[in-house]
Every structure is written in structure tokens, then in C-alpha cells.
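A short write-up of the structure that comes next.
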Amino acid sequence: MTDLDAITLRAAYDTQLRPDLPDPVPDGVVVEPDGPLFRVLGLDQCGSVTYRDLGGLAGAELDELIARQVAVSRERGEPVEWKLHGHDEPADLPQRLRAAGFVPEEQETVVVGPVAPLAAALPVVPEGVRLREVTGRADLDRIAELKTQVWGRDLSGLADGLEREIAADPQAITVVVAEAGETMVSAGWVRYPADSTFATLWGGSTLSQWRRRGIYRALVTYRARLAGARGRTLVQVDASDESRPVLERLGLVPVTTTTPYVYTP
């Protein structure tokens, strides 16, 4: 891939996937516009802030916008996450978020690539492991337990969020798990944003003792095949440092970074 390819893919990402809003909006979720951004409240245990760009806001006006998000977080008594992209403007936005009390978490890399080469391959899992699509609450609870174990923090609210997404539009998301016998060893899901050529991959968390056996790669391939069957031509992932090398070997290209800035009242 050339630099121009990465620039073109980033432009497609900005145009088609930002702002990242639930569509349709699940029951109990509220989307509030505030100037150039949107607040998404009630989707999980943390509110979120999303936008395509900030419309040139800077200085005192930008500080006021940030302060309003802090005020909402305090009023609701729950954290709020501001998802900062590496190419967002103005350049001093990270410093302004920190000054308002937002704390940066681990940075991820946004990678984008064509679906077709991924969808052409068969997902290969180790002997004794199977991939299965799930929708039921019991399996969603098991996914939340898996994620909590992998990441070392309470992610039990994930099951509620996934359940409401599936209920709002079962065709907008597919959840896939990898199981060895009765043990869930990995899980991920694919979303199909409306009016987009993209499919987006999420999750992909694998128990430590099951890593480096091709399970994550198989989950990517399986979900890419689902995306291809729906006519999607591009796939996007927010990649951790662990998954990024695998995804780049599969042909995905880094286009920017994301860093969650979280304010906790």
C-alpha cells in the first residue's frame, strides 16, 4: 500500500464511519447533539462523545464544549469517554482534555483494508475448537465474563449493550464465539453500519492460554466472510498493539490512531 492509499482509506473512514452513532438506536439509549459532537448515553456503563470533526472550534469555545461534557458526566454520575483520533484538530485538543480532567487510556491503531482477500480464505481453527454465531443472553453473559477475565476489569455491562443492539436490529450485528468443548476461548462481533461500504470488527479477545494458535485470525476471516456476503468491500478495526501485526499481515493498513480520554466524576 502507498501513502496515498492510506490517505484515501482514512478519508473513507472519516466520511462513512464518523460520527460513530448507533443506528438504529437501541431501547434506553439517548443520542444528544451538542454543537459539532454527539453524546451517546445509556449504551453501556460509560457515556461517549463522538464526532466527525469539531468544525474548527478552538480556544475558549472548545474549552466550553469540553466543560459541558464534564457537567453531563457529573450530573449523571457516570464516566464519559471522548474518543480522540490522532488526526483530530486542533492539535492542542489532548492538552485541553487533560486540563479538564480527562485521563488518556491505551492507544489503538485504526486499520482499514479490503474485504475480498480476507473473505476468500477459509477460517482455520485448532483441533477441538469451533466457531459459532450467538444471540442468546446466556452466551452474551459468557462473552462479558471472558472479556472481564482477559482485560482484568469489570465488563459485565457489555452483555446488556450487545443484547440491546441485537434486539434493535438483528441484521446490524453478528456475534461470533470460539469454543473448546464447554469453554469459550475467544469472541468478537461484526457491525454493518447503514449506508456504508464498511464492516467494522470488534472484540476479538482471547484467553491467554489460547493465544498464538490462529483463533483470532480465524475470527477475523469468519467475520470478513460475513461482511463479503453482505456486499461490504472494506473492513475496519481499532487494533491493539497485539492484534495490529496480525491484521497488517492480512492486508489492513494503519490510517490513524484512537485514544479513549475518560472523565470519571
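The values are calculated or read from the model by the stated rules, or taken from the named source; none is laboratory data. None of these values were measured; they are calculated from a predicted model. Backbone-built Cβ (ideal geometry, glycine too); neighbour counts: all protein chains shown. The area values use the complete protein model at the heavy-atom level, side chains included, leaving out ligands, DNA and RNA. Shrake-Rupley method; radii C 1.70, N 1.55, O 1.52, S 1.80 Å.
Wholly within the range 137-239, which strands (runs of 3 or more DSSP E) include no fewer than the required count, namely at least 2 residues that are under 25 Å from Leu118 (Cβ atoms) and open to solvent by 30 Å² or more (accessible area, probe 1.4 Å)?
Of the strands (runs of 3 or more DSSP E) lying wholly inside the range 137-239, those with at least 2 residues that are under 25 Å from Leu118 (Cβ atoms) and open to solvent by 30 Å² or more (accessible area, probe 1.4 Å) span 198-206.
Please verify whether the range 221-241 includes one or more residues that are of a type in the set (Asp, Glu) and within 25 Å of Pro94 (Cβ to Cβ). Give the derivation first.
Quick first cut of the range 221-241, residues of a type in the set (Asp, Glu) only: 238, 241.
If we keep only those that are within 25 Å of Pro94 (Cβ to Cβ) as well, we get 238, 241.
Scanning the range 221-241 turns up at least one residue that is of a type in the set (Asp, Glu) and within 25 Å of Pro94 (Cβ to Cβ).
Is there a residue in the range 87-109 that is polar (S, T, N, Q), within 22 Å of Thr200 (Cβ to Cβ), touching a residue at least 12 places away in the same chain (Cβ under 8 Å) and crowded, with 16+ Cβ neighbours inside 10 Å? Checked the range 87-109: at least one residue is polar (S, T, N, Q), within 22 Å of Thr200 (Cβ to Cβ), touching a residue at least 12 places away in the same chain (Cβ under 8 Å) and crowded, with 16+ Cβ neighbours inside 10 Å. Every listed requirement among (1) modelled with pLDDT of 95 or more; (2) in contact with a Phe, Trp or Tyr (Cβ under 8 Å, 6 or more places away or on another chain) is met by Pro170 save one, (2).
Looking at the range 127-136, is at least one residue open to solvent by less than 20 Å² (accessible area, probe 1.4 Å), without any contact (Cβ under 8 Å) to a residue 40 or more places away in the chain and under 19 Å from Val220 (Cα atoms)? Steps first, please.
So in the range 127-136, the residues open to solvent by less than 20 Å² (accessible area, probe 1.4 Å) come out as 129, 134.
Subset that is without any contact (Cβ under 8 Å) to a residue 40 or more places away in the chain: none.
Checked against the condition, which is being open to solvent by less than 20 Å² (accessible area, probe 1.4 Å), without any contact (Cβ under 8 Å) to a residue 40 or more places away in the chain and under 19 Å from Val220 (Cα atoms), the range 127-136 yields no hits at all.
Condition test on Arg191, is it at pLDDT below 95 and either within 19 Å of Leu131 (Cα to Cα) or charged (D, E, K, R) (or both)? No; evaluated as a whole, the condition is false for this residue.
Kindly check whether there is at least one residue in the range 8-21 that is among the β-branched types (Val, Ile, Thr), surrounded by 13 or more Cβ atoms within 10 Å (Cβ to Cβ) and more than 20 Å from the chain's Cα centre (by Cα).
Going through the range 8-21, the residues among the β-branched types (Val, Ile, Thr) turn out to be 8, 15.
Next, from what is left, pick out any that are surrounded by 13 or more Cβ atoms within 10 Å (Cβ to Cβ): 8.
Add one more test, that the residue is more than 20 Å from the chain's Cα centre (by Cα), and what stays is 8.
Yes, some residue in the range 8-21 is among the β-branched types (Val, Ile, Thr), surrounded by 13 or more Cβ atoms within 10 Å (Cβ to Cβ) and more than 20 Å from the chain's Cα centre (by Cα).
Taken together, Leu140, Leu122 contain a single residue that is at pLDDT 95 or above and touching a helix residue (DSSP H, G or I) at 6+ places or on another chain (Cβ under 9 Å), which is Leu140. With (1) open to solvent by 70 Å² or more (accessible area, probe 1.4 Å); (2) within 23 Å of Val80 (Cα to Cα); (3) touching a residue at least 12 places away in the same chain (Cβ under 8 Å) as the list, and Val124 as the residue in question, which single condition is left unmet? Going through the list (1) open to solvent by 70 Å² or more (accessible area, probe 1.4 Å); (2) within 23 Å of Val80 (Cα to Cα); (3) touching a residue at least 12 places away in the same chain (Cβ under 8 Å), Val124 breaks only (2).
Taking the range 1-59 as the range and being of a type in the set (D, E, K, R) and within 19 Å of Val112 (Cα to Cα) as the test, the residues that pass are Asp3, Asp5, Arg10, Asp14, Arg18, Asp20, Arg52. Scoring Asp3 on the criteria (1) open to solvent by 20 Å² or more (accessible area, probe 1.4 Å); (2) of a type in the set (D, E, K, R); (3) out of contact with any helix residue (DSSP H, G or I) (no Cβ under 8 Å at 6 or more places or on another chain); (4) at pLDDT 95 or above leaves a single failure, condition (4).
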